[in-house]
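K.L.:
Would you mind keeping the following structure in view while I ask a few things?
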Amino acid sequence: MTTTKLKSKTYMNPYLAGVLLGLVLLTANFISGRGLGASGAVKSVIVTAVDAVAPGHAENAPFYVEYLEAHPKPMKSWLVFEMLGVLVGGFLSGALAGRLKFKVEHSPKITSRRRLIFALAGGILFGFGSQLGRGCTSGSALSGMAVLSLGGIITMAAIFGTGYALAYFVRKNWI
Amino acid sequence: MGPLAANEIISQDTNLIFAFLIGIGFGFVLEGAGFSSSRKLAGVFYGYDTVVLKVFFTAGITAMIGLLFFSLFGWIDLSLIYINPTFLYSAIAGGVIMGAGFILGGFCPGTSFCAASIGKIDALVFIGGLLIGILIFGEGYALWEGFYNAKFLGIPKISESLGLKDGLMALIIVLVAFAMFWVGEWAEKKFPREEY
Amino acid sequence: MNSRILLAGFLIPMAMIIAAVPSNKTKQYKLTANQLLQEAVSYEPYIHPDNVADMLVQQDPSLQLIDVRTPDEFDKFSLPGAINIPLSELLADQYVDLLDQGVKMNVFYSNGTLKSNEAWMITRQLGYSNNYVLQGGLNYWAETIINPVPPASTSPDEEIAKYNFRKGASMALGGDVDTKSAETAVPAVPVITAKQAKKRVAGGC
């Protein structure tokens, strides 16, 4: 029980963190007129990579063409800079709290290998879903809620609803 | 006055610098709240740790109320804020797939970057998965392009679709959020985990 | 536990306030009432009929006369090349590009200057520039350009020159223009390059 206490103390109070995150989101809207995001930055990386590796292919596939038309320099986008900031901010917070450590976090009931396979599968699904849903939890659900976007709230409900629906089947991974 | 970038009060390049600073704040808060731990994140689905629910909805309602007050004071022109367009089918299907990804992978894109920054290897693998997932979407775009663009509803606000005032909608969301926090704290007591 | 109640104690009343007050639907005007007063005091929106007549004679393409009277009045009499935007229609979407631009010089006119002044005020408050008011309105235009009073022969040379100019302009512009003169002294309306409207920020995750 003591360990739990110590652990929860090292993390910020969730409501305080929520208010701070809300203020960050408010600042983003006030300064840049947009919410936070994450998967868009990964998309920029993919489009840049495809364009560099197979430029002919990027010019033919409509997905890349549309994106490159709208963003001539995909790496010089708001989300890419924001995500670089996230890496720095996360590192700073982890360093201050003494949480910097290379490790694979998993339930004691499963192996690291199993955890990594599931992480990869989850990543693939999330990457695919974020494109289909036009934004991930931060871009669509969180930022969408702040501006009362109908689509954002629908996506949020679908994410959490599916999470709860499937939670039972993979409970061994987590608890 | 706001949004500063849309009103050309700051230049596009300055906007990118602010993006970086905002990202630092985003990453710092996510990590500080414990979003760099996949088991903490997944806890929301089992009730043993509802930090995701609390942080996520507190942030959402804080920003929402803040934006409405900013608009009331004339500090920000809400019509210039980006609101994601609603394509009904892809919003639901995308959300369902993301939900599956969340419970399997334990992260969402933002938190995976945050976790990777403090050395979580599972987060790095998750990011690798994100890259593959987006690549698959891009490569097979022709297959689901029709579905992706189906049932376009414009860029409605939930308040408009329900015929409510923005402020009233906000109040309802705030009350729902606090009801969920209450359930969340009850669940944390009911399904405690000592060590994870 | 405590922090949740603390937060609820703060956010729920805030949400109640926001639910209770009417939402701010006003457009964001660029000028406050004070700034507008400053503008009105220090800034000269009036263009003298002589200058307008000169531009008309020169067929200056940068001049755009805007008649803010009713369509009936406009049909009965209007200045050459003028377009009709009744004051009540001033804020209609179709005129935004015309009124909010940086290329042409819009000159509002009405019979007196009441309506044209109002039009100028409103566009100024919206932050549009390049809008002016015909000094004295059509009444003064009639006095100065259409029926100029011959100066006494003892007047200074410049008075006489002015009279001659007005006389000439009056003739060039069709004298007492009862009907819209078929004369093509009307400058062709150049294409207005509208200022790029502010856009919603493009975004997405």
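K.L.:
How long is segment C:72-181 along each principal axis, judged by its Cα atoms, biggest number first, in Å?
P.N.:
Principal axes ranked by extent give 52, 29, 24 Å for the Cα atoms.
K.L.:
In addition: Tell me which residues come under 5 Å, amide H to amide H, from C:LEU65 once H is placed; ignore anything under 5 positions away on its chain.
P.N.:
For C:LEU65, the qualifying residues are C:ILE83, C:VAL107.
K.L.:
Return an integer: the convex hull volume of the alpha-carbon atoms of segment A:1-99, in Å³ per residue.
P.N.:
140
K.L.:
Count the net charge of all other residues whose Cβ sits under 13 Å from the Cβ of C:VAL52, scoring Lys and Arg as +1 and Asp and Glu as -1.
P.N.:
For residues surrounding C:VAL52, the net value is -3.
K.L.:
Still on this structure, I have one more. Just to be sure I understand: of the beta bridges DSSP finds with both ends in the protein assembly as shown, what percent are antiparallel, rounded to 5? Walk me through the numbers on the way to the answer.
P.N.:
Numbers: 2 of 16 bridges.
The answer is about 10 percent antiparallel.
K.L.:
Taking the square root of 5 times each eigenvalue of the Cα gyration tensor, what semi-axes in Å does the equivalent ellipsoid of segment A:103-175 have, largest first?
P.N.:
28, 13, 10
K.L.:
Amide H of A:SER149: which non-local residues (sequence gap of 5 or more, or other chain) have their own amide H closer than 5 Å, using H built in the peptide plane?
P.N.:
Here the answer is B:ILE158, since their amide H atoms fall under 5 Å of that of A:SER149.
K.L.:
In square nanometres, what is the average projected area of the Cα convex hull of chain B?
P.N.:
On the way: hull surface 53.7 nm².
Directional mean of the projected Cα hull area for chain B stands at 13.4 nm².
K.L.:
Just to compare against my own numbers: the Cα pair-distance distribution for chain A, 10 Å bins, whole % per bin, please.
P.N.:
The percentages, shortest bin first, are 8, 25, 37, 24, 6, 1.
K.L.:
List the pair-distance distribution P(r) of segment C:3-143, using every Cα-Cα distance, as the percent of pairs falling in each 10 Å bin from 0 up to the bin containing the longest distance, rounded to whole percents.
P.N.:
All Cα pairs considered, the percentages come to 11, 35, 25, 10, 8, 7, 4, 1.
K.L.:
Give me the Kirkwood hydrodynamic radius of the protein assembly as shown, using the inverse of the mean 1/r over all pairs of distinct Cα atoms, in Å to one decimal.
P.N.:
After inverting the mean inverse Cα-Cα distance, the result is 27.1 Å.
K.L.:
What residues qualify as long-range amide H neighbours of C:TYR46, i.e. H under 5 Å apart, gap of 5 or more or another chain, H built at 1.01 Å from N?
P.N.:
Amide H to amide H, under 5 Å and 5 or more residues apart or across chains, C:TYR46 pairs with C:VAL133.
K.L.:
Averaged over B:135-143, how many beta carbons belonging to a partner chain fall within 10 Å of each residue's beta carbon?
P.N.:
The shielding value for this peptide is 6.
K.L.:
Hey, another quick one. Evaluated at 37 °C with a viscosity of 0.692 mPa s, what Stokes-Einstein diffusion coefficient in µm²/s does segment B:8-103 have when Rh comes from the Kirkwood expression over alpha-carbon pairs? Display every interim value, and only then the final one.
P.N.:
Working: Rh = 16.4 Å.
Estimated via Stokes-Einstein, D reaches 200 µm²/s.
K.L.:
How big, on average over all directions, is the shadow cast by the Cα convex hull of segment B:84-154, in nm²?
P.N.:
5.1
Read the figures in this text as sums done on the coordinates, not as results from a lab. This is a predicted model, so every value here is computed, not measured. Cβ coordinates were reconstructed from backbone atoms using ideal geometry, including for glycine residues, and neighbour counts include every protein chain displayed.
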